[in-house]
1. Label-point separation (nm) for residue 111 and residue 47, each offset 7 Å from Cα along Cα-to-Cβ?
2. Taking N as the number of residues in segment 51-119, what is its alpha-carbon radius of gyration divided by 2.2 N^0.38 Å?
3. Given +1 on the Cβ of Lys and Arg, -1 on the Cβ of Asp and Glu, and no further charges, what dipole in debye does the chain carry about its Cα centre, rounded to the nearest 20?
4. When every alpha-carbon pair in the chain is counted, what percent end up more than 26 Å apart?
5. With each label point set 7 Å from Cα along the Cα-Cβ vector, what nm distance links residue 25 and residue 59?
6. Cut-off 12 Å, label point 7 angstrom out along Cα-to-Cβ of residue 14: give me the residues of segment 81-119 whose amide nitrogen falls inside.
7. Taking every DSSP beta bridge with both residues inside the chain, roughly what % is antiparallel (nearest 5)?
8. Using alpha carbon centroids, what distance separates segment 1-80 and segment 88-103, in Å?
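Values quoted throughout were computed directly from the atomic coordinates according to the rules given, and no laboratory measurement underlies them. Computed from a prediction, not measured in an experiment: that's the story for all the values here. Positions of Cβ are generated from backbone atoms using ideal geometry, with glycine treated the same way; all protein chains shown enter the neighbour counts.
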Amino acid sequence: QVQVTESGGGLVQTGGSRRLSCGASGRSFLIYKMAWYRQRPGTEREFVAALDWRRETPTYADFVKGRFTLSKDHAKNTLYLQMNNLNSDDTAVYFCALLTQPVGSYNYWGQGTQVTVSS
């Protein structure tokens, strides 16, 4: 059993910054990729960013390039998403996803953390 837990959401003003954290815990699992998705009000869930865990190769959605940055703490099985220059379009529930196999779709998901950008 693997558990994925997000944290770091909250209220931030337009132009501000926020750092989200995602931790994975359990036994006998190998991280291949960890990713962030988000769901804005009234929209489908969309890809934000992902990290190839072994190669530390990041992938970003076009709408966050230059604003969001991934990083990790390997020892803590934790993925971070540094979000800068936030705007109202970034208001969403942000979900962390974990891939524990070399191919396929993400097989573990967190409960999500709310980010609200005001003004």
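1. A separation of 2.8 nm, rounded to one decimal place.
2. Numbers: Rg = 13.3 Å, N = 69, 2.2 N^0.38 = 11.0 Å.
Here the answer is 1.21, to two decimals.
3. Values: 13 positive and 9 negative charges, 56 e Å.
My answer is approximately 260 debye.
4. Numbers: 1038 of 7021 pairs.
Summing the P(r) of the chain above 26 Å gives 15 percent of all pairs.
5. For the pair residue 25/residue 59, the computed spacing is 2.9 nm.
6. Residues 86-90, 117-119 fall inside that zone.
7. Details: 40 of 44 bridges.
Approximately 90 percent, going by the DSSP bridge assignments.
8. Centre-to-centre (Cα) distance: 6 Å.
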